[in-house]
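The values are calculated or read from the model by the stated rules, or taken from the named source; none is laboratory data. Bear in mind the structure is a predicted one, so any value in this text is a computation, not a measurement. Backbone-built Cβ (ideal geometry, glycine too); neighbour counts: all protein chains shown. Side chains are part of the model used for accessible areas, which takes the heavy atoms of the whole protein and leaves out ligands, DNA and RNA. Shrake-Rupley method; radii C 1.70, N 1.55, O 1.52, S 1.80 Å.
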Amino acid sequence: MSLAIEVLRGPAGLLYGSGGAGGGVNVVRARLPDTLPGDPFSATLEVRGDSAMDEHTAVGQVNRTLGGLLLHLDGYRRETDDVSIPGAQVSDRLRRQLEAAGEDVPTGRGTVPNSASDAWGASAGATYFGDSGSIGLGYNHTDTQYELPAEEEALIKMKQDRFD
């Protein structure tokens with residue numbers, strides 16, 4: 001997914017509200033660009049993996065220009081399993097503290113339980129560029145779920161639908 005990231009420091013951060021006095025980060029997505037691209041068609045696909053989390057990720061986007069109209073589609077999918085670790089789930093120091101407090105000591109090895117995640121998202125945008133300016137409409141959906149290692153069977157589910 002094509003994007004630009006602006007880091008705003010000092011007075012420029014105030015453009016985004018009074019809470020931005022310390023600075024801010026502005027992420028500009030490709031679904032509603034400021035200028036018409038030179039290429040009438042572009043597409044990208046990226047596939048990633050990670051052995052520590054058995055991660056599988058795919059990201060793609062397509063841009064198509066029809067005269068003064070730019071159409072944009074992008075999406076991603078990411079899945080991970082529990083994080084693999086080379087030893088015990090708790091350190092020797094924590095083990096001693098738990099034993100001294102009379103609490104149960106986790107005996108698992110090899111993974112951090114409840115550290116898996118699952119996320120996907122898709123975006124679409126259309127922008128018309130005319131002689132006097134441009135106008136666009138964009139939509140984005142994200143759906144993310146991840147577990148919390150500190151709590152058994154605890155997870156966070158987040159969904160967002162956004163129109164620009």
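Using a 1.4 Å probe on the protein heavy atoms, what percent of the accessible area of region 28-164 belongs to carbon and sulfur?
So the carbon and sulfur contribution to the accessible surface is 53 percent.
What's the percent breakdown of Cα-Cα distances in region 35-164 across 10 Å bins, shortest bin first?
Going out from 0 Å in 10 Å bins, region 35-164 shows 11, 26, 23, 17, 12, 7, 4, 0 percent.
Quick check for me: using +1 on Lys/Arg Cβ and -1 on Asp/Glu Cβ, what's the dipole size of region 64-164 about its Cα centre, in debye to the nearest 20?
The calculation lands at about 320 debye.
Distance from the Cα centre of region 43-102 to that of region 108-164, in angstrom?
12
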